[in-house]
Every structure is written in structure tokens, then in C-alpha cells.
Amino acid sequence: MKFEELNIPDKIMEGIRAAGFTECTPVQARTLPEALSGKDIAAQAQTGTGKTAAFLIAVFSRMLAVPLPGRGLSPRALVIAPTRELVSQIAAEAKLLGGPAGFRILPVFGGIDYLKQREDIAKGVDMLIGTPGRLIDYLKQKVYSLRKTQFLVIDEADRMFDMGFISDLRFMLRRMSPYDKRQSMLFSATLSHRVHELCYEHMNLPVQISLTPENITVEQIKQELYHVGKSEKLGLLLGIIRREPEGRYLIFCNTKAAVERIELFLNANGLAASPITGDLDQRKRMKVLSQFKEGTLPILVATDVASRGLHIDGVTHVINYDLPQDREDYVHRIGRTARAGAAGMAISLACEEYVHSLPDIEEYIRQKIPVMLLTDEMIVTDYRRVRARNKGAAPEKRYQGGKPASHVKGRGPQRQESRPPRRKVSPSRTENTSGRSENAGAHRPTRKYPSKNRPGGK
């Protein structure tokens, strides 16, 4: 189905053409006719199928068709997403699709100038996109209202439950316009019992659409698995990247420490890579993601914080340096490639530490991951080894718990080389210039004698 076949206003069609879209993806072909007619939607769809464009096109088209109310401080449309990265991604696509129509679109999330976001909301917006925490913060301050909001979108609803946002979500929904006075759309990887309950409680008889195929993973993703020893993983990783140096790689590790180690290793061996983890400063995270999306950074190393919601065109390879311990994380990770019909490669390194999760992953995706023959030529051995970040640093520059290591409880101050060691002197013989003992006047416990042994006692 082509977008021209649908009842989409000309201004929105300009945005669609600017985004380079020509034909509808399956999720768009199923949801757009229903959503454009004003019906509520509850859709189950895989990641990377174009669902973001589906709800944005529907909402923008309806915003042009439905009369503008005297909304005051109420945004016309509210989009709620679980992560900062997903909010940023939705906002970027919304500005592309809704730009020609002149809609004012604003993303809000933590880690960005708090007062500036507050001022921008107070000026009035057409579409407000944000994470639950920051949205509730401004809502409680009455910076904006939801009483006259006409359109609601909840993205990654199952993730909202997983991350503990459901109480925040219900808080906002109870303060919105009545369910029959607005159009609501919900998208989720799974329409679980909890998600169904949310639909029936806060939506107006939503049309349920399921687009989960027999294969949970996208067919365009070519999957490969290498059984490799833990000590050989670095060499194999380097060999894989060197075979296709023009690729754009997203490498997943299970821990923050592993991410930092891989980043250092790749940089030391002539490959430009940057990390993205949960505790990375928001501005730095956005800068790294921007560089990766623009293609100036060829390799991104991440924990699972990046496995959901990120839409980065042109990712050619996803490498599971560590097999995920959660089977659903495998699907979300490899879904970062082969976006919107493109082809992609997903390579997993199964070492003795994480191979135990492989049977559960294969049961979940209902297929065996092809095992590839590993040869000695594929493993690079002449690579440059690196130390951990903190090793080799001067003692006064190493920190533990926010304090220099020399002042950590249980450890004395580091002795400086220029200072000679102190000579141990008996306290009674340590005197100052006045001739008095330094311990003079110090409290000394009085020896207690039993009354019969006390001198002079009876």
C-alpha cells in the first residue's frame, strides 16, 4: 500500500516524502486506515517495523482534520515513551514528518536544561513527547495541563511495566481528558494481560492489531553464532570488524565494565569506538548517538540501555559480544539492524560464561541460530593489549566512592616519596618547644581498685 492511497493531508505528505517513505510497512498498512478514521488503536508490533511513523502520521493528519480547541496550557497531543533515547528518536522523526505543517513539537526528559524545558512548555506546544518522570514533574507544577489534550500515544507499553513506570502512567491518564473525548493509541512488543487491562481501563474500545509473525526476529536479519573461548573473544571481535571495515557496528555487552574494556581495546587497535551506558551523562550520550547516526562514528559499544527504541538507519552489524541472559533482550538487540526492510547481520559470540542462555534464546525465537565454523585465521592474535582505565594512574587521582583513594576508610594517606618516614617515638618522650609533653593534659583512664585493695582502704 502506498501513502497516496490513504486520506493523508498534503502537508503531512510533504513530510512523508521528505523522510523518504514511499510504501507503507505492514504495521503502517494495518494501523493507518483505522487511526485516520479516529478509532483507538492497540497494536502489537516488532521493533524496527515503522510503528513510530505510523502513529505520528495518524496523529498529525488528525490534528489537521480536527478543530483546534481553546486548549490553554494543554498540548494537543501527548506521546509517552519509557527512555530518553526513544523520546529523542520520536521527536526527531516527528519534526521531520510534521515540520511542513508547522506543528510545535517539544521533547522533555531528564539530563537536559530543566528551566529551559519548563519555559518552552509554558509557551504552548502542539505535541509534547517525554518520559513519565519529567512529564509528571512539570504536570505537578501546573506548567501544563492534560484536560483538553486530544491525542494520546503510549509507546513501548510493555517496557513501561518492566521499568516500573505503570503507576506514573496511570497518574497522568487519570488527569487527562475523558477516554471518549480523545483518540488514544498504544504500541507494545507484547499485548500481555497487564497491557490489555490498561487498554480497557483508559481507552475507548480500541481496535486490536497484532503483527507478530511466526518468526519473532525480522527475516532480513542474517544471524550467525560462534562458539568461542572467553580468552579468544577479543581476537575474534577484531577479526570480524577487520573483514568488513566499512560496516557500522553496534556491539552489546552485559556489563558496564565490559563496555569500557571493549571501547579501550578497539581504540587502542586503530578502530574509532565510543561507549553508551546507563550512567553516561545525558549530553555525552546524545553527542555519541548523534555521531553514530551521522556515520562519523563507526562503532558504538553499549549495554542493554541501547537495545530498545533506538532507530539508527544504516547499522550493518549487531554483535553480541556477550550473549544476553534475558532471551527477549536478544530480539531487541538484533532489532537495531535491518530497520524498515533493510538487510542486516547479527553475530553472537557464545563463550563458556554466557552460553547457558543460548537454549532459552533459541526456544523463544523458535529457530536455531546457525553455528559458523571458527578457524584460526579468523582470530587476530597480534593485537595491542590495554589496561583498565584506573590502572597505572597516580594514587591521588584514583577515586573510590567520591573520595580520593588515600582517604578511603581503612586506608591511611599515601606517603609521598619526598617525605622521609617518621621515626616512631614514645609519646612520653615527644615534646614541643615549651618543654611540655604533647600528651600533657590528655585524659588517661583512672585505675580502679577494689575497695579492699585501694591504697589507704580497709
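The values are calculated or read from the model by the stated rules, or taken from the named source; none is laboratory data. Please read all numbers here as calculations on a predicted model, not as lab measurements. Quick reminder, even Gly has a Cβ in these numbers, built from the backbone with ideal geometry, and neighbours come from all protein chains shown.
Quick notes on this one:
- Breaking point among (1) at pLDDT 90 or above; (2) within 28 Å of ALA343 (Cα to Cα); (3) not small (Gly, Ala, Ser), for ARG104: (2)
- Scanning the stretch 180-201 for residues that are under 20 Å from ALA77 (Cα atoms) and in contact (Cβ under 8 Å) with a residue 40 or more places away in the chain turns up GLN183, SER184, MET185, LEU186, PHE187, SER188, LEU198, CYS199.
- The single condition among (1) buried (at least 19 other Cβ atoms within 10 Å of the Cβ); (2) in contact (Cβ under 8 Å) with a residue 60 or more places away in the chain that LEU264 does not satisfy is (1).
- Filtering LEU186, LEU205, LEU198 for residues that are modelled with pLDDT under 90 and in the same structural domain as ARG159 (by TED's automatic domain parsing) leaves a single hit, LEU198.
- Candidates are the residues of the stretch 135-157 that are in a loop (DSSP other than H, G, I, E, B) and in contact with a strand residue (DSSP E or B) (Cβ under 8 Å, 6 or more places away or on another chain); the one that is nearest to ARG174 (Cα to Cα) is LEU146.
- Among helices (runs of 4 or more DSSP H) entirely within the stretch 14-123, having at least 1 residues that are without any contact (Cβ under 8 Å) to a residue 24 or more places away in the chain and surrounded by fewer than 24 Cβ atoms within 10 Å (Cβ to Cβ) singles out 84-98, 114-122.
- Only one of TYR383, TYR330 that is of a type in the set (Ser, Thr, Tyr) and either assigned to a helix (DSSP H, G or I) or closer than 20 Å to THR255 by Cβ (or both): TYR330
- Of all residues in the stretch 218-230 being within 30 Å of THR25 (Cα to Cα) and out of contact with any strand residue (DSSP E or B) (no Cβ under 7 Å at 6 or more places or on another chain), the one that is modelled with the highest pLDDT: GLU219
Matching residues to (1) under 30 Å from TYR321 (Cβ atoms); (2) acidic (Asp, Glu); (3) modelled with pLDDT of 70 or more; (4) not in a loop (DSSP other than H, G, I, E, B):
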{"residue": "THR337", "(1), (2), (3), (4)": "yes, no, yes, no"}
{"residue": "GLU363", "(1), (2), (3), (4)": "yes, yes, yes, yes"}
{"residue": "LYS368", "(1), (2), (3), (4)": "yes, no, yes, no"}
{"residue": "LEU374", "(1), (2), (3), (4)": "yes, no, yes, no"}
{"residue": "GLY392", "(1), (2), (3), (4)": "yes, no, no, no"}
{"residue": "PRO421", "(1), (2), (3), (4)": "no, no, no, no"}
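- Selection within the stretch 327-364 - of a type in the set (Val, Ile, Thr), touching a strand residue (DSSP E or B) at 6+ places or on another chain (Cβ under 7 Å) and closer than 19 Å to VAL27 by Cβ: ILE334, THR337
- The requirement of being surrounded by fewer than 21 Cβ atoms within 10 Å (Cβ to Cβ), among the hydrophobic types (A, V, I, L, M, F, W, C) and over 23 Å from the mean Cα position of the chain (by Cα) is satisfied by LEU271.
- In the stretch 246-255 there is at least one residue that is outside any loop (DSSP other than H, G, I, E, B), on the phi < 0 side of the Ramachandran plot and among the hydroxyl-bearing types (Ser, Thr, Tyr).
- In the set ARG327, ARG285, only one residue is assigned by TED's automatic domain parsing to the domain that holds ILE262, touching a residue at least 40 places away in the same chain (Cβ under 8 Å), touching a helix residue (DSSP H, G or I) at 6+ places or on another chain (Cβ under 8 Å) and basic (Lys, Arg); that residue is ARG285.
- Members of the stretch 124-150 that are of a type in the set (S, T, N, Q) and crowded, with 21+ Cβ neighbours inside 10 Å: THR131, THR149, GLN150
- Those residues of the stretch 237-260 which are more than 17 Å from GLY270 (Cβ to Cβ) and not acidic (Asp, Glu), in sequence order: LEU250, PHE252, CYS253, ASN254, THR255, LYS256, ALA257, ALA258, VAL259
- VAL386 satisfies every condition listed in (1) in contact with a Phe, Trp or Tyr (Cβ under 7 Å, 6 or more places away or on another chain); (2) surrounded by fewer than 16 Cβ atoms within 10 Å (Cβ to Cβ) except (2).
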